[in-house]
Amino acid sequence: MINTKYQLIAPKKIIAYPSTVDNSKCLVKPKYLSICAADQRYFFGLRDPKILALKLPLCLIHEGLGIVAQDNKEFKKNDVVVMYPNCSYNNNHFANENYDLKSKFMSSSTDGFLQEFVSISSNNLIKITDDDYLPYVLTEINSIAVHAIDSVRNYINEKTHVAIFGDGTLAFCVHMCLLSLYKNIKITIYGKYDKKLNFFSQSINKQNIMNAMYEPFDIGFECVGGQNAETIINDAINLINPCGIICLLGVSETQPKINTRLILEKGLMLVGRSRSQFNDFKESIKIISKYKNEYSKLISELIVINNISDIENSFYKSLSSDFKIVLDWEL
Amino acid sequence: MTIAIILAGGSGLRLLSSKIPKQFIEIEKKPIIVHTIEKFLINKNIDKIVIPCNLEWKQFLLDSIKNINTHKNIYICDGGNSRNDSIKQAVSYIKKSFAIKPNDIILTHDAVRVFIASKLINENIKKITSFDCVDTIINSTDTIVVSQNKNTISEIPDRDMMFLGQTPQTFKYYVLEDIYLNSTFDETIFNKSDACKLAFIKNYKIGCVLGEPLNFKLTNDFDLEMVKLILNNDKH
């Protein structure tokens, strides 16, 4: 079948391009898609020019859900499904497939969801039975939080003090997943904007970095990335208790310099967590379904997409939104 | 009910490189018409597809759609000698075969507009609720001039008001029934007009949906090479 891809061909330039699509896989009509910081880096040309030259043209976006367009063995037409963007080389799920170099990640090493129809293995789909399915567009980003927390679960007990650095969407997801999984642990969040910190649960300790009361912690989640990553990571290294763990979730293009001496003195573990596994997706869906009202707050704006200008304008809006810009895909 | 009529009756006289009608030429391992049918088949708003087809190509078409007609909602009827004749045949077939109601929706689309996007189909279906008919139109990038004798220019209309007609053209069933089954037109007008023009003559209200450059009609050899080039380019 002939499909239309909406490809980024150069920074800030998307075109519609016909292509044939593999009918033998499951065809999903995208419905709700959300813009991630990784997509912004491509769209605005913030990645190394050599990388851009290698990757483009590329369909962006890896966070989303859609409607199954035709019956197949596993799904029926009109099923609502969340799409898992990691395509393993053997089409099966296996441990650490998300970091396997042979896997392809949609919107990075292969086309993402900005297409008329997405051809995707049914192994990469999870059905949503909830009629109010908009909040599940956050499944992927929430699954990163699930994945990161899962990697430190053996180190968490009722006395653990967890610190979250950042007040954006990912930090919000980390705090919701922690509250869902661990009712009574102490959580402190360090953020820049009171307006955003106010969205977080009242049950956690919120600190604005302008006048924060810093406390040592045991496990930290860095959800900042970008140009501030270096400062935040080193602040966390300074503050953390000996033998603590810092999960790095924020991507930075600037190769932050970090205080390795102090890491060694304190016997710290730094763990990089950026892509989730299929099981993390399932767990993520369960948590969202339990706290739909809270997760709904992360949708700053829902924009109907009728043409390419709408896509491009959405990217510009995403730069200044508190949380997520979600596309209501009509193309 | 929403039915799509895919027009496949053309003989492709302007396609000099091929002995077979253009809609049956294979690209990417399928006849062009099958690519177009698949787009309507996968659209959740379309219930049935009717294809008027001349006798000599019926078996070819039946064989081509065998693998995709799993829900048996593609129907092939007799074609006509011209585009309007084919639509007439399809409308008669629809009237005879389905429990069609006056306000049911019929889209007509050229099989050779192979890059038809879901968005255009959906916009037609949405717009028809407020009109008798909907035409898909696109701005002309060239200036349009009128020449009555093909030698001198008699008029140059304001370009901002001039558009080119594409398909789908969408109708409420009662309009097509009136035009094709209950009306007579002068033969020249009937043969030279498209369905929307006939509806216009009968004073039906026609809405517009903005089309797309990619929704071009494969007419000549250049167009065929463009289609192949576009699809091949994607592989690189």
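Laboratory data are not the source of any read-out in this text; all were calculated from the coordinates shown. Being a predicted model, the structure only gives us computed values, none of them experimental. No Cβ is skipped: glycine too gets one built from the backbone with ideal geometry, and neighbour counts run over all protein chains shown.
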Q) Could you state the number of Å between the C-alpha centres of the range A:174-189 and the range B:163-236? A) 60
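Using C-alpha positions alone, give me the convex hull volume of the range B:59-178 per residue in cubic angstrom. Please report the intermediate quantities before stating the final value.
Working: hull volume 21.4 nm³, N = 120.
For the range B:59-178, the hull spanned by Cα atoms encloses 178 Å³ per residue.
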Q. Seen from all sides and averaged, what is the projected area of the convex hull of the Cα atoms in the protein assembly as shown, in nm²?
A. 30.2
(Q) Test of understanding: express the Cα radius of gyration of chain A as a ratio to 2.2 N^0.38 Å, with N the residue count. (A) 0.99
Q. Dimensions of the range B:164-223 along principal axes (Cα, Å, largest first)?
A. 39, 25, 16
Q: Find the centroid of the Cα atoms in the range A:291-317 and in the range B:102-125, then give the distance between the two in whole Å.
A: 28
Q) Taking 1 over the mean of 1/r across every pair of different Cα atoms in the range B:123-214, what Kirkwood radius in Å do you get? A) 14.7
Q) Using +1 on the beta carbon of Lys and Arg, -1 on that of Asp and Glu, and nothing else charged, what's the dipole of chain A about the Cα centre, debye to 20? A) 280
Q: Taking the dipole about the Cα centre of the protein assembly as shown, with the C-beta of Lys and Arg at +1 and of Asp and Glu at -1, give me whichever of A:Tyr182, A:Thr169, A:Cys36 is farthest to the positive side.
A: A:Tyr182
Q: Would you work out the relative contact order for the range A:27-177, in percent, from Cα pairs under 8 angstrom that are 6 or more residues apart?
A: 26
Q) So which trypsin sites (Lys or Arg not before Pro) in the range A:179-288 are both in a DSSP loop and have at most 13 other Cβ atoms within 10 Å of their Cβ? A) A:Lys183, A:Lys257
Q: For the range B:1-136, restrict the atom set to alpha-carbon positions and state the Rg and Dmax in Å.
A: 14.4, 43
**Q.** For the range A:124-179, diffusion coefficient by Stokes-Einstein and Kirkwood Rh (Cα), 10 °C, 1.306 mPa s, µm²/s
**A.** 124
Q: Report the percentage of all Cα-Cα pairs in chain B whose separation exceeds 31 Å, rounded to a whole percent.
A: 21
Q. Dipole size in debye (nearest 20) for the range B:45-84 around its Cα centre, Lys and Arg Cβ +1, Asp and Glu Cβ -1?
A. 80
**Q.** Percent of C-alpha pairs per 10 Å bin, the range A:1-104, short to long
**A.** 13, 35, 40, 11, 1
Q: Kindly flag which residue pairs out of A:Lys127/A:Lys317; A:Lys102/B:Lys44; A:Lys102/A:Lys282 have an alpha-carbon separation exceeding 27 Å in this structure.
A: A:Lys127/A:Lys317; A:Lys102/B:Lys44
Q: Would you mind ranking A:Leu298, A:Leu134, A:Leu327 by Cβ crowding within 10 Å, fewest neighbours first?
A: A:Leu134, A:Leu298, A:Leu327
Q. Just the Cα atoms of the range A:238-322, one point each, no solvent: what log10 I(q)/I(0) does Debye give at q = 0.15, 0.20 Å⁻¹?
A. -0.94, -1.08
Q) What value, in deg cm²/dmol to 500, does the helix sum -39500 (n - 2.57) over DSSP H runs of n ≥ 4 give at 222 nm once divided by the residues of the protein assembly as shown? A) -8500 deg cm²/dmol
Q: Provide the three semi-axes, in whole Å and in decreasing order, of the ellipsoid equivalent to the range A:39-87 as defined by the square roots of 5 times the Cα gyration tensor eigenvalues.
A: 32, 11, 8
**Q.** Net charge over other residues, Cβ less than 12 angstrom from the Cβ of B:Tyr180 (K, R count +1; D, E count -1)
**A.** +1
Q.
Relative contact order for chain A: what percent, with Cα pairs under 8 Å and sequence separation of 6 or more?
A. 18
Q: Check the straight Cα-Cα distances from B:Lys205 and name the lysines below 16 Å, setting aside those fewer than 8 residues away within the same chain.
A: B:Lys126, B:Lys127, B:Lys172, B:Lys197
Q) When the dipole is taken about the Cα centre of the range A:60-177, and only Lys, Arg (+1) and Asp, Glu (-1) are charged at their Cβ, what size is it in debye, to the nearest 20? A) 320
Q) How many Lys pairs in the range A:149-266 lie less than 23 angstrom apart by Cα atoms, where the lysines are 8 or more positions apart or on different chains? A) 15
